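Here, each number is a calculation from the coordinates, and none is a lab measurement. Note that the coordinates shown come from a computational prediction; the quantities given were computed from them, not determined experimentally. We place every Cβ from the backbone using ideal geometry, glycine too, and count neighbours over all the protein chains shown.
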């Protein structure tokens, strides 16, 4: 009997690896991907190099069902999660039993977004104003860096990497109730910081 995966992806349509072009084709994209999530230029460079080395060691595991870049970024993403875990490990989470219900008061329990009545003041700028957008992103990044490491890791995984609650809890070894408390507190801190520092 033929393997279903082989049937669904014909060999002629599969991607092949070309490691000799990785730096030229993917290094800048991967560096920027890591930098947005780690906010440390040297570490982002190191992670990209480590990703290329790890990928070279695993070329035999590449099945060609995704693009070369997608495969490399998935390796990089795991390395970024390792950084999040290292930075947040050993942190003691002292959460009051009341916090999860407070989080439900401010945020929709299904998607974690603000309830209409509790939304922050609208922080506006023209849609087609790249300078204002850049300024806003700089203020947001500064506000994010004020968060405790664990909160920052959870927030980045949720709102930048768009990871599910289950993956975040598993990767960072936090309980679902602690996750919701962390997201709640991170959003409240970011809200206050943005309202104070963004005009």
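Could you give the length gained on full extension between residue 45 and residue 165, defined as 0.36 nm per residue of separation minus the Cα-Cα distance, in nm? Numbers along the way, then the final one.
Values: separation 120, 0.36 × 120 = 43.20 nm, distance 2.81 nm.
In short, 40.4 nm is gained.
Highest mean first, the peptides 175-186, 77-88 sorted by other C-beta atoms within 10 Å per residue fall in the order 175-186, 77-88.
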